[in-house]
Amino acid sequence: MEADRVDVAPSLALCGATVVVALDPPEVVAADVVLAGDRVVAVGTAPAGVPRRDCSGTVVVPGNVCAHHHLYSALSRGMPYRLPPPTTFTEILQRVWWRLDRALDEQAVRASALRGGLDALRAGTTTIVDHHASPHAIDGSLDVIADALAELGIRSVLCYEVSDRDGPATAAAGIAENRRFLTRSVGLARGMVGAHASFTMADDTLAAVVEAARHGGAGVHIHVAEDAADQHDAHARHGIGVVERLDRAGVLTDRALLAHCVHVVPAEIHAVVDSGATVACNARSNMNNVVGHSPFNHVRPRAGSGVALGTDGIGGDMFTESQVGWLRAREADGDTAADWPLARLADGARFAGRVHGEPLLGTLRPGAPADLVVLDYPTPTPLTADNLAGHWVFGLSAAQVRDVLVAGELVVADRRSTRVDELDVAASGSREAARLWARMDTIPPHDFEPQRSGP
Ligand SMILES: [Zn+2]
């Protein structure tokens, strides 16, 4: 009983900040945030005797969630490219990402997770939903990532992306890795079952993925219609669209996470929304790959489903991602309101909160996990619930991140990780990147091709 009382005694107070208690709908108060262990216990006036951290002149926000990431891409920045420039999305996969993933060994997976995880934390992202591939180093790869992220102190949802593109043994190893990790999920890491995309999966592999998810009580995390090639392949091989194929296979559940959903027709949008699945839009990636603009950027989901945001591996900065995503949505329809990023980020937090059994994740309400970010943002104009959206899209930035707490622990303090030596992470990342790039140079373009058909 004594231990219980110690657990709930306030352990830290963040004092004097403008506090964003929730994003959707926005709630903003001038207050202290009082923590006990891994929880927020009060937003108000800190009691006497509690250790205090001065946060005057700051804005405290719930930690951001990146709902679709590929940490394995963290060492790709600046890598040389010596092949003919890709002209299609399929060629981008064949010549870049399906060469990089086959070059990954366990050391590179670890260095990528450390680098990408640290970048995310320093940008104010406290939860990463990752989609991992390393076809020549599958067994135990999710443990390697979980352990690296545990060193940093960041929350995560991990999976291995199952695919038939590297043959049946690799697909089976991917399924086994997901199943194994789902039984392990400890600390701040949880599991899903990963799948690459409809166009690289045979029916029996897709069925095995769904069975693994059912068995583990988890959802499937899969790319959906990122490019028109995915739809063409589904029609050519199966005579139906991607969403119908996934629905028939049992992928579409309220635990599923569907990345992109760019090339989807209205009936498919309805099927996804009705299933309660969460969609992760990735505006910067879609623009970079020139694959199109997801209609889900303009869907207001009903309760239970959601439209979240991810980076698709372009770093872990959700301030930039949400700002660019909003600008792209606004350009597309002319009237997307400034509160769009707040709703999208709240949906991402709700999804991660469901996986973690933390319904208050993404808020700073009493009882919520203390995942929060202190922004050095002496507000240039008044900041209220009514204008938080305007500050979010035109004022806030990852460059303002001063402190980050995850589960009540100060894991970034005064712009530095409290857990790892950032220069060591940089040095080992550079070393591993050089090894990775050299191995990648010896790997030819992948020869896997989706089936083609008319639209
Ligand atoms: Zn992706």
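Please treat every number below as a calculation from the coordinates, not as lab data. The model shown is predicted, which means the values in this text are computed figures rather than measured ones. Using ideal geometry, Cβ is built from the backbone for each residue, glycine included, and neighbour counts are taken over all protein chains shown.
Points to keep in mind about this one:
- With the highest mean first, a sort of the peptides 432-443, 369-380 on other beta-carbon atoms found within 10 angstrom per residue produces 369-380, 432-443.
- Region 258-300 versus region 363-381: alpha-carbon centroid distance in Å: 29 Å
- Its DSSP H runs of at least 4 residues, each contributing -39,500 (n - 2.57), put the calculated 222 nm mean residue ellipticity of the chain at -11500 deg cm²/dmol, to the nearest 500.
- Cα shape, region 64-356, gyration tensor, a/c 1.5 rule: rounded
- Between 0 and 90°, nearest 10: helix 228-238 axis offset from the chain longest Cα axis: 50 degrees
- Taking the DSSP beta bridges with both ends in the chain, the antiparallel portion is around 45 percent.
- Note on region 1-98: along the principal axes its Cα atoms extend 66, 33, 25 Å, ordered by decreasing extent.
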